[in-house]
Amino acid sequence: MRRKLSRGVSYGAWVTIGNPDVSDILQGLPFDWLVFDTEHSPLGAETVSHMIQVLDEEKVSPLVRVGANDQYLIKVALDMGAHGVVVPLVNTRIDAEAAVSYCKYPPVGVRGVAPRKAADYGLSTAEYLRKANEETLLLVQVETKEALENIDAILAVKGVDIAFVGPTDLTMSLGFLDDRSNPRILEEMRSVVKKCQEYGKIPGTMALTPDEAKRDESMGFRFISLASDVRHLMGGAKDFLKSVGRL
């Protein structure tokens, strides 16, 4: 995953439909990564584990958005083979430090050791333990007014790799009703990109349309989600229905 990020802009998608076929279908397209969303979908650990198992991880890196900044949830996500985690509502330096600690093995953090898929079920545990702290990615979500106010403190934390701006939640936190193109929102997004550049972090965000993706890349974002499985399913169905006059 780090090699993909070093090549420039990386693209992926959010996955919320709980079936391994979704993983298999999407890995046939040139996505760099997929985020399995356990915060805003019914996806559970066992389902996500099956969905990760069908992926060719050299081609598409699995990431998991956990439901909270929680040691247990992060441990389970990484043990099942995720290359990294997306942690919501990281609003302070303390939040960021906790997330780093949950992702890293001692002496850096407090992650427990288990011979699960990430370590080939015990066949390569020693090798995995040697490289995990360096290779595991931590994405912290910047999605509130409080996070913006503490952005320097958050990005200064060693072990934070990507600051992922959640535009919709950010609009709500700043008092706008899902106005993703509001000039204030765009200004704050540019500010996060600039701060990431200062601290050597990677700026990420979610684009819901091709125009948003182009805009976000031009703003300097390097980790861009091209919407979600549900949005692609709905969009394709709507386009087909329009073409036959049903919409």
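Each value in this text was obtained by applying a stated rule to the coordinates, not by laboratory testing. This is a predicted model, so every value here is computed, not measured.
Computed values, structure above
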item	result
Reference-scaled alpha-carbon Rg (2.2 N^0.38 Å with N residues) for region 51-153	1.10
Cα point-scatterer Debye curve for region 199-246, base-10 log of I(q)/I(0) at q = 0.14, 0.16 Å⁻¹	-0.45, -0.54
Relative contact order of region 1-143, pairs being alpha-carbon contacts under 8 Å that are 6 or more residues apart, as %	19
Euclidean distance between Cα centres, region 1-63 to region 205-234, Å	15
Candidates Gly67, Gly44, Gly166: whichever shows maximal mean-square fluctuation once the chain is modelled as a Gaussian network with Cα springs under 10 Å	Gly44
Computed over the chain, the ratio Rg/Rh where both radii use C-alpha atoms and Rh is Kirkwood	0.97
Greater than 19 Å apart at Cα, pairs in Lys75/Lys131; Lys214/Lys238; Lys104/Lys131; Lys145/Lys194; Lys4/Lys75	Lys214/Lys238; Lys4/Lys75
Residue-wise HN-Hα coupling along region 45-61, computed from phi with Karplus coefficients 6.51, -1.76, 1.60 (Hz; x: Gly, Pro)	4, 5, 5, 4, 4, 5, 6, 6, 5, 7, 7, 7, 5, 6, 9, 10, 7
Mean separation of Cα contacts under 8 Å, 6 or more apart, over the residue count of the chain: relative contact order %	18
For the chain, built as a Gaussian network whose Cα springs stay under 10 Å, the top-fluctuating residue of Pro210, Pro107, Pro42	Pro107
Highest-MSF residue in the chain out of Ser101, Ser23, Ser181 [GNM, Cα springs under 10 Å]	Ser181
